[in-house]
1. Within the range 161-176, take every residue that is buried (at least 22 other Cβ atoms within 10 Å of the Cβ) and in a loop (DSSP other than H, G, I, E, B) and give me the one that is modelled with the highest pLDDT.
2. Go through the range 80-120 and give me each residue that's assigned to a loop (DSSP other than H, G, I, E, B) and surrounded by fewer than 21 Cβ atoms within 10 Å (Cβ to Cβ).
3. Consider the range 98-126. How many of its residues are acidic (Asp, Glu) and touching a residue at least 40 places away in the same chain (Cβ under 8 Å)?
4. On the given criteria, is residue 65 outside any helix (DSSP H, G or I), under 11 Å from the mean Cα position of the chain (by Cα) and under 17 Å from residue 48 (Cα atoms)?
5. For the structure I just gave you, tell me whether residue 25 is at pLDDT 60 or above, surrounded by fewer than 22 Cβ atoms within 10 Å (Cβ to Cβ) and basic (Lys, Arg).
6. Please enumerate the residues belonging to the range 177-218 that are at pLDDT below 80 and of a type in the set (Asp, Glu).
7. Among all residue pairs at least 6 apart or on different chains, which show Cβ distances below 9 Å where the first residue, located in the range 77-97, is touching a residue at least 24 places away in the same chain (Cβ under 8 Å) and under 11 Å from residue 130 (Cα atoms) and the second is assigned to a loop (DSSP other than H, G, I, E, B) and among the acidic types (Asp, Glu)?
8. Of all residues in the range 79-107, which are hydrophobic (A, V, I, L, M, F, W, C) and closer than 25 Å to residue 36 by Cα?
Amino acid sequence: MGQPARRLELAGILPPAMARTFGARGSGGVLATGLEALDHALGGGFPRGAITEILSAPGHDGDWLALRAMLAANGACAVLDHDGSFHPPGAAARGLDLARLLVVRETRRKQALWALERMAREPGLAVVLASLPGLTDTMLRRLQLAAESSGQVLLLMQSGDARASWGALRVRVRGEPGEGARRLLLEVLRTRGGRLPHPVRIEIDDDFTGAVRASAVLSHAAADAQPRKLA
């Protein structure tokens, strides 16, 4: 999995066998994760036909949330791996079927942006994940229109200081110290309805599976009391 992008036959981005077996399922509405506290915070789940922005320091826990979306999707998923950080065997260890995963590796920025927009327009993909720093307002608008046309969940990993936004959902993920488990604090900064629910703390087994051990809804005051530095 994860061949370099060879201009990639992106006219029909999915290999025919994958498209037949794992076509995108449904459009509109939300993609629920199956974790009650998390889905409540997300307004039911990840919005389809829209951008979800995951704000997280590089290498710090936003990947767990993105993988949760791909695991929940009943369809083909794709990753634009611009910096070589995506590790398919790690995703497989956490339960993702690599037979329904397409990885496009492209380090050149212009070509990576072109590939991402093409992927975002592909109706056969249920979820697309990308981390591409420095997206301008114009670029984000083009990606939003592409996601609207395909009905997919488009996940953009961004650094915590990202300002330009076209996301229907914006979530900040911060790690917290813990013994024998990873603890994540998820705060919704924007939703389609404008409602800002209470933050959620999720405790994850500190092993390859990343299984959820516990989750809890916090008050805003409790979340604000947490250290702002990522663990």
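The values are calculated or read from the model by the stated rules, or taken from the named source; none is laboratory data. These numbers were taken from a predicted model, which means no experiment stands behind them. All Cβ positions, even for glycine, are placed from backbone atoms using ideal geometry, and neighbour counts span all protein chains on display.
1. Quick first cut of the range 161-176, residues buried (at least 22 other Cβ atoms within 10 Å of the Cβ) only: 167-169, 171, 173-174.
Remaining after also requiring in a loop (DSSP other than H, G, I, E, B): 167-168.
On the way: 167: 86, 168: 91.
Checked the range 161-176; the qualifying residue modelled with the highest pLDDT is 168.
2. To start, the set of residues in the range 80-120 that are assigned to a loop (DSSP other than H, G, I, E, B) comprises 82-87, 94-97, 106-108.
Passing the criteria: 83, 84, 85, 87, 94, 95, 96, 97, 107, 108.
3. Start the filter on the range 98-126 by keeping residues that are acidic (Asp, Glu), which leaves 106, 117, 122.
Checking the rest, the ones that are also touching a residue at least 40 places away in the same chain (Cβ under 8 Å) come to 106, 122.
Result for the range 98-126: 2.
4. On the way: outside any helix (DSSP H, G or I): no; under 11 Å from the mean Cα position of the chain (by Cα): yes; under 17 Å from residue 48 (Cα atoms): yes.
Taking the combined requirement at face value, the residue does not satisfy it.
5. Values: at pLDDT 60 or above: no; surrounded by fewer than 22 Cβ atoms within 10 Å (Cβ to Cβ): yes; basic (Lys, Arg): yes.
Considered against the rule, which asks whether it is at pLDDT 60 or above, surrounded by fewer than 22 Cβ atoms within 10 Å (Cβ to Cβ) and basic (Lys, Arg), residue 25 comes out as no.
6. Residues satisfying the conditions are 179, 205, 206, 207.
7. 78/122; 80/106; 81/106; 82/106
8. From the range 79-107, those hydrophobic (A, V, I, L, M, F, W, C) are 79-80, 86, 91-93, 96, 98-99, 101-104; that's our starting set.
Within the range 79-107, 91, 92, 93, 96 qualify.
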